[in-house]
């Protein structure tokens, strides 16, 4: 492991359907194949599927947990970060990444998208939120049609 | 002041145009006339205009600041809360409120909308973000056409 | 209420004995008589006793809560701030104050003493922690023998 | 790397003298030799020396940073966690560890000791703070006379 490894956050619901889990798992696999570290919120759903995928390809996974216990991490998190800060940990999930891939997701994912965009961190979207502001589309979320395209875009747009 | 006073957060950009400032100021005045405490992020733009309005009608204003110093509060904040937690303070701004009024705003406002909706706190919107999820409109942000309507809705929908 | 009111934090255990509760209640009363706003962590024990004292003299009380619900506040908190950030809220309790009065207390109180001293906020102690560093006494906690003395010192040493 | 690796936090000043740096560096080396992951606040002084030591023995280092930028991490941090939460990040530094080794340090270190003890995480001290409460010694900080002894105690007392 070196300081030069890219860190990419995968965000999405703590519960998800089968299609979303497959997208997330493939994103995790592809990140690992490309040598990137997977950052996430450490819980179930999209987070767990992405970690499982990364693990299967020998990648490194980090989960920044909202609660007080590392035991809450999904079994594919290698490095659990325990914050005890609830949803404020969403800020750290995205700020710790050089790019973010959002897969579906609910309001928690929306907060992470907002925190990333506010910090100038690129957000790639797979079937996730879309935004309009004062009646005008905001196209800051960069769409991708497949996990491979999402990872390509994340790694090519990653900030330093 | 009693424990029964409603607390309503006003969220929006730290910079805003004249029209948005007028909306915010009137929201602040109307909240004060109705006896509600105004919660906000304590800085400029929409936050300052709302606090100025509340002050002019004798209302109470609280600003939850991101930085290390109370001196960063706008001059109409009566009770500055100093967090030193940066944008993680956005979580506390909305969780401390029983309803939220969003006026225009950028990505920081979007995070606050997300944190509020995630917590089940009603969000009233004045010319602000609109959302779609997986291609379907999400109508969780309740639209208002005027400051008075926004305050009416905020107070009638406020959670306990 | 004006921006010029002093804000003093009272910190101590969420559970306390009768003697500590009496100290805290008198500190709360004295702060209110002197026109200061009482900041605290919003829960029971020393926090509740101090708020009860302040309330009895018509003072203003603010509680910065660790959890997700304003209902966790003691009944004498007038303005509950809901953070959902667990013990990270301890940082905001002391940073929001211009001086801190520590009454007895356990490890949570110790963290608040540390955060205050790190921020240059004076800490007055009533039967609380004492500190040594590398074998040398650290006298940064200013001792007081009575609630009145503690409040006197807090208000005279309060930072801007 | 596996989920079974122990995680030990090394805490201490962002600035330190030569003797403290040598202690920290040897603690870092010893943790790496024993297969533990080094958690720290990511900055200079004791944190940097410990990371340098761990790196020299092929260990893994994580730095939980207070600011907005990964560039603030010392050059021996392999995995920078960016919180933007200022000193509130101290909570996560210790909660993410299964044991804590405190080396000298100032008030920031004191807050970390307090947060760890509050969470039931063992704290081993090398020439650091000592505590008394209400006039009685509090012996919760477990003394060590050498880096090797500190690491021994940390790993044998580490919680799950």
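The values are calculated or read from the model by the stated rules, or taken from the named source; none is laboratory data. Because the structure is a prediction, the values reported are computed rather than measured. Positions of Cβ are generated from backbone atoms using ideal geometry, with glycine treated the same way; all protein chains shown enter the neighbour counts.
Looking for whichever is facing chain B (nearest Cβ under 10 Å) and farther than 16 Å from residue B:108 by Cα here; the options are A:114, A:120, A:63, A:135. Which one fits?
Values: A:114 fails: farther than 16 Å from residue B:108 by Cα; A:120 fails: farther than 16 Å from residue B:108 by Cα; A:63 fails: facing chain B (nearest Cβ under 10 Å).
Going through A:114, A:120, A:63, A:135 in turn, the sole match is A:135.
For residue C:105, work out the one condition from (1) farther than 26 Å from residue B:73 by Cα; (2) surrounded by 24 or more Cβ atoms within 10 Å (Cβ to Cβ); (3) more than 10 Å from chain D (Cβ to nearest Cβ) it doesn't fulfil.
The single condition residue C:105 does not satisfy is (3).
Please indicate, with yes or no, whether at least one residue in the stretch A:11-29 is more than 14 Å from chain D (Cβ to nearest Cβ) and within 24 Å of residue D:8 (Cα to Cα).
Just the residues of the stretch A:11-29 that are more than 14 Å from chain D (Cβ to nearest Cβ), to begin with: A:11-29.
Among the residues that remain, those that are also within 24 Å of residue D:8 (Cα to Cα) are: none.
There is no residue in the stretch A:11-29 that is more than 14 Å from chain D (Cβ to nearest Cβ) and within 24 Å of residue D:8 (Cα to Cα).
For the condition over 27 Å from residue A:84 (Cα atoms), crowded, with 24+ Cβ neighbours inside 10 Å and free of Cβ contacts under 8 Å to residues at least 60 places away in the same chain, what is the one hit in D:58, D:28, D:53? Talk me through it step by step, then tell me what you get.
Details: D:58 fails: crowded, with 24+ Cβ neighbours inside 10 Å; D:28 fails: over 27 Å from residue A:84 (Cα atoms).
Result: D:53 is the single residue among D:58, D:28, D:53 that is over 27 Å from residue A:84 (Cα atoms), crowded, with 24+ Cβ neighbours inside 10 Å and free of Cβ contacts under 8 Å to residues at least 60 places away in the same chain.
Which ones in the stretch B:112-160 are under 27 Å from residue A:91 (Cβ atoms), within 12 Å of the chain's Cα centre (by Cα) and in a helix (DSSP H, G or I)?
B:112, B:113, B:116, B:154 - these are the residues of the stretch B:112-160 that are under 27 Å from residue A:91 (Cβ atoms), within 12 Å of the chain's Cα centre (by Cα) and in a helix (DSSP H, G or I).
Anything in the stretch C:39-48 that is over 11 Å from the mean Cα position of the chain (by Cα) and closer than 13 Å to residue C:20 by Cα? List them, or say none.
Listed by number, the residues that qualify are C:44, C:45.
Of the conditions (1) under 20 Å from residue B:68 (Cα atoms); (2) within 13 Å of chain D (Cβ to nearest Cβ); (3) under 14 Å from the mean Cα position of the chain (by Cα); (4) surrounded by fewer than 24 Cβ atoms within 10 Å (Cβ to Cβ), residue C:98 satisfies every one except a single condition; which number is it?
Going through (1) under 20 Å from residue B:68 (Cα atoms); (2) within 13 Å of chain D (Cβ to nearest Cβ); (3) under 14 Å from the mean Cα position of the chain (by Cα); (4) surrounded by fewer than 24 Cβ atoms within 10 Å (Cβ to Cβ) one by one, residue C:98 breaks only (2).
May I ask you to list the residues in the stretch D:71-90 that are touching a strand residue (DSSP E or B) at 6+ places or on another chain (Cβ under 7 Å) and either over 23 Å from residue D:32 (Cα atoms) or within 14 Å of chain B (Cβ to nearest Cβ) (or both)?
Those that are touching a strand residue (DSSP E or B) at 6+ places or on another chain (Cβ under 7 Å) and either over 23 Å from residue D:32 (Cα atoms) or within 14 Å of chain B (Cβ to nearest Cβ) (or both): D:72, D:81, D:82, D:83, D:89.
Taking the stretch A:138-160 on its own, how many of its residues are without any contact (Cβ under 8 Å) to a residue 12 or more places away in the chain and within 11 Å of another protein chain (Cβ to nearest Cβ)?
Here the count works out to 1.
A quick yes/no check of all residues on (1) modelled with pLDDT of 95 or more; (2) in contact with a helix residue (DSSP H, G or I) (Cβ under 6 Å, 6 or more places away or on another chain):
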| position | (1), (2) |
| --- | --- |
| B:46 | yes, yes |
| B:60 | yes, no |
| B:79 | yes, no |
| B:85 | yes, yes |
| B:95 | yes, no |
| B:118 | yes, yes |
| B:134 | no, no |
| B:145 | yes, no |
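Kindly check whether there is at least one residue in the stretch D:4-17 that is over 13 Å from the mean Cα position of the chain (by Cα), surrounded by fewer than 24 Cβ atoms within 10 Å (Cβ to Cβ) and at pLDDT below 95.
Checking the stretch D:4-17: at least one residue is over 13 Å from the mean Cα position of the chain (by Cα), surrounded by fewer than 24 Cβ atoms within 10 Å (Cβ to Cβ) and at pLDDT below 95.
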